Amino acid sequence: MNGFQRKRTLPVTRPIFIIFDLLMKKIVDEIINTLLGILSPDDVIPLHEPFFYGNEKKYINDCIDTRFVSSIGAYVTQFETLLAEFTGAKHVIATVNGTSALHISLLMAGVRQGDEVLVPALTFVATANAVTYCTATPHFIDSNPVTLGIDVEKLDHYLQQNTRMENNICINTTTLRPIRAIVPVHIFGTPVDMDPLMKICNKFHLTLIEDAAESLGSYYKGTHTGTFGLCGALSFNGNKTITTGGGGAILCNNEKIALQAKHLTTTARLNNNFHYVHDQTGFNYRMPNINAAIGCAQIEQLPYFLKKKRKLAFKYINAFEPVKGVAIINEPDYAKNNFWLNTLMLDKPDNKLLQTILERTNRMGIQTRPIWTLLHKLPMYKRCPSMELSCALELEDRVINIPSSINLVD
Ligand SMILES: *Cc1c(COP(=O)(O)O)cnc(C)c1O
């Protein structure tokens, strides 16, 4: 292009940019006004706050009074029983956090050095870290634009093109490594479409481990998330639906696997009277009694929390219904969501619009957040195998989480 042409095109393009800016301001104004119809920020409205309305202090005091504060205590077993009742899992093992629950679950799936494990590129980093702790390699897969979970159809096609079965093991034909397991993540509490996913698991002999860290209280066709595969992992971090300060749990329907998992979380110590005998390199992953005490009090309030979260979600969904260009993620027909974090979705990827919404909402005290940086972009994971990730890449420029605490509705 020569100088003459450049001079001529500049004045023509400028007014178009001004019109774009005005249009964008109008869209952002409308989004903010819609949020202000539900939220009244006098100080800062956090993205997600824990609430302790129940027996938390009473149970913590009980731990202190009895001096059972550590990893042996009645609240640990009680919390596991309550979680089993709530989720329908046959066995529950409480752990120090959700990441350790994922780590042990993957070990139970037989994930070992040289293996690959399919994980979404769009998830919290812990999903891939747990694979790395097993000295295996995460293999990134693309997301579904409606649920933000795994794109099951695309995955089926991808595995057909890029793997072959050898002695009932799925082999990546590029790296020649076994693909041992798959970890679907129920992102923000929206369940992945499990029926077709389980078909793929059977077809390609992949062990299913669910990352249900965000989906306590979410159901797929009436069954609680985290109970479909060999194991599922929950998290009770401070920002999750219920919290134990830090904590997690393994859900498992297989008694033998559950016993092994529990053994590994308790330094693999053998029940050998007062002697310290360990039969393998175990982990110090057992949840302390004091955390489980908080968990017991929190799970008593879980149905109430879920009711509140559902009410808030539908307030958002209805309020944004008439707003053009955006929508709030709703539950799929097959699911009941816990609506852990509400999600504003732009119809089309637009980084500038996304940044403007984030800046303006946070400046006025409405805490909003973009979605995680895609894992294949992080330094430690950028050389991992990956399918083409066009949907996840678009979602990076479409998704904003908005305040979702239970105190935001009456
Ligand atoms: C919170 C979370 C985890 C990890 O849980 P921690 O208790 O923080 O270790 C794992 N995966 C996802 C998707 C999460 O949101």
Theoretical gain in end-to-end length, Met24 to Asn271 [0.36 nm per residue, Cα-Cα removed]: 82.4 nm
Protection proxy (average C-beta count within 10 Å per residue), highest first, orders 59-68, 102-111 as 102-111, 59-68
Need the list of lysines near Lys26 for cross-linking: C-alpha distance under 25 angstrom, and skip anything on the same chain fewer than eight residues off. Lys315, Lys324, Lys348, Lys352
Computed lengthening from Asp333 to Lys382, 0.36 nm per intervening residue step minus Cα-Cα distance: 14.1 nm
How high is the FRET efficiency from Val69 to Gln113, r the C-beta distance, R0 22 Å, rounded to 0.05? 0.05
Per DSSP helix of 4 or more residues, -39500 (n - 2.57); summed, then divided by the residues of the chain. What does that give at 222 nm, rounded to the nearest 500? -13000 deg cm²/dmol
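Considering only segment 56-300, what is the antiparallel percent among its DSSP beta bridges, to the nearest 5?
60 percent
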With +1 at each Lys and Arg Cβ and -1 at each Asp and Glu Cβ, the charge dipole magnitude of segment 56-300 around its Cα centre, to the nearest 20 debye, comes out at 460 debye
Students often forget the sequence filter, so: which lysines lie under 16 Å Cα-Cα from Lys240 once same-chain residues fewer than 8 apart are removed? Lys307, Lys308, Lys309
Looking at segment 140-245, which trypsin sites (Lys or Arg not before Pro) are DSSP coil and have at most 15 other C-beta atoms within 10 Å of their C-beta? Lys221
Below 16 Å, Cα to Cα, which lysines can Lys311 reach? Residues fewer than 8 away in the same chain don't count. Lys336
Using a/c under 1.5 as the rounded threshold, could you call segment 10-51 rounded, prolate or oblate? The axes a ≥ b ≥ c are square roots of the C-alpha gyration tensor eigenvalues, and prolate needs a/b larger than b/c, oblate otherwise. prolate
Of Leu374, Phe305, Pro349, whose Cα points farthest to the positive end of the dipole of segment 282-410 (charges on the beta-carbon: +1 Lys, Arg; -1 Asp, Glu; origin at the Cα centre)? Phe305
Inter-label distance, nm, simple model (7 Å from Cα along the C-beta direction), His278/Met165: 4.0 nm
Gyration tensor (Cα only) of the chain to equivalent ellipsoid, semi-axes in Å sorted down, yields 39, 29, 17
Pick out the long, greasy-scoring helices in the chain: whole DSSP H runs spanning 24 Å or more along their own axis by Cα, mean Kyte-Doolittle at least -1.0. 3-36, 289-320
Amide hydrogen neighbours beyond the local backbone of His278, cut-off 5 Å, H modeled: Leu270
For segment 271-405: rounded, prolate or oblate by the Cα gyration tensor [a/c cutoff 1.5]: oblate
Residues with amide H under 5 Å of Ser405's amide H, sequence separation 5 or more or different chain, H placed in the peptide plane at 1.01 Å from N; which? Glu49
Per DSSP, loop chymotrypsin sites (Phe, Trp or Tyr not before Pro) in segment 311-410 with at most 12 further Cβ within 10 Å: none
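Here, each number is a calculation from the coordinates, and none is a lab measurement. Not measured: the values here are computed from a predicted model. Because the Cβ atoms are built from the backbone with ideal geometry, glycine has one as well, and the counts that use them run over all protein chains shown.
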